[in-house]
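The values are calculated or read from the model by the stated rules, or taken from the named source; none is laboratory data. Remember, predicted model here, so these are calculated numbers, not experimental data. Counting neighbours? That spans all protein chains shown, and the Cβs are built from the backbone with ideal geometry, glycine included. Only protein heavy atoms, including side chains, enter the accessible area calculation; ligands, DNA and RNA are left aside. Shrake-Rupley method; radii C 1.70, N 1.55, O 1.52, S 1.80 Å.
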Amino acid sequence: QVQLVESGGALVQPGGSLRLSCAASGISFSVYDMGWYRQAPGKQRELVAAITRGGDTNTADSVKGRFTISRDNGKNTVHLQMNNLKPEDTAVYFCNAKFSLRLYWGQGTQVTVSS
């Protein structure tokens with residue numbers, strides 16, 4: 001059974017930092033490309049950052065310079081370090097895992113940026 005479990009979401013003030021984690025089980029994690037997406041109320045889900053199995057990264061322009069994606073293949077975990085958070089970063093954050101035609105999603109974790 002494949003599971004992607006996100007954690008680390010919270011309420012944080014503008015300018016603050018959070019580190020999201022996504023723990024994967026039931027897959028050969030090291031061969032999967034991993035990604036973080038977010039969905040704000042009334043908006044479509046959007047890519048935030050992605051990391052290939054080889055470690056190449058891609059970050060959305062809206063978060064470039066503030067968010068960093070990384071992976072730990074030894075712990076089957078992908079992280080999203082989020083710095084200098086802004087109110088517009090408020091959303092549910094999801095991780096996903098892609099390999100060939102296989103695509104899995106986690107259940108999401110809420111990030112709220114507000115004073």
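Taking the criterion of being surrounded by fewer than 20 Cβ atoms within 10 Å (Cβ to Cβ), out of contact with any Leu (no Cβ under 8 Å at 6 or more places or on another chain), over 18 Å from Gly54 (Cα atoms) and among the aliphatic types (A, V, I, L, M), would at least one residue in the stretch 84-91 satisfy it? No, there is no match, as no residue in the stretch 84-91 is surrounded by fewer than 20 Cβ atoms within 10 Å (Cβ to Cβ), out of contact with any Leu (no Cβ under 8 Å at 6 or more places or on another chain), over 18 Å from Gly54 (Cα atoms) and among the aliphatic types (A, V, I, L, M). Evaluation of Val31 against the conditions (1) out of contact with any Leu (no Cβ under 9 Å at 6 or more places or on another chain); (2) among the hydrophobic types (A, V, I, L, M, F, W, C); (3) more than 13 Å from Leu103 (Cα to Cα) shows that the sole unmet condition is (3). Return the residue satisfying two criteria in turn: it lies in the stretch 51-78 and is touching a Ser or Thr at 6+ places or on another chain (Cβ under 7 Å) and surrounded by fewer than 21 Cβ atoms within 10 Å (Cβ to Cβ), and of such residues it is nearest to Val111 (Cα to Cα). The extreme case among them is Thr77. The residues of the stretch 92-102 that are open to solvent by 10 Å² or more (accessible area, probe 1.4 Å) and of a type outside the set (S, T, N, Q), listed by number, are Val92, Phe94, Lys98, Phe99, Leu101, Arg102. Looking across the stretch 26-43 at every residue that is more than 16 Å from Gln107 (Cα to Cα) and part of a loop (DSSP other than H, G, I, E, B), the one that is most open to solvent (accessible area, probe 1.4 Å) is identified as Lys43.
Applying the set (1) modelled with pLDDT under 95; (2) under 15 Å from Thr109 (Cβ atoms) to Gln1 leaves exactly one unmet item: (2). Residue pairs whose Cβ atoms lie under 9 Å apart, sitting 6 or more positions apart in sequence or on different chains, and linking a residue in the stretch 103-115 that is without any contact (Cβ under 8 Å) to a residue 60 or more places away in the chain to a partner that is surrounded by 12 or more Cβ atoms within 10 Å (Cβ to Cβ), are Leu103/Asn96; Leu103/Ala97.
Of all the listed residues (Pro41, Pro14), the sole one being at pLDDT below 95 and more than 20 Å from Lys98 (Cβ to Cβ) is Pro41.
Quick one: would you say Val78 is part of a strand (DSSP E or B), at negative phi and either within 13 Å of the chain's Cα centre (by Cα) or modelled with pLDDT under 95 (or both)? So Val78 fits the description; yes.
In the stretch 103-115, the residue that is nearest to Gln39 (Cα to Cα) out of those that are in a loop (DSSP other than H, G, I, E, B) and open to solvent by less than 40 Å² (accessible area, probe 1.4 Å) is Gly108.
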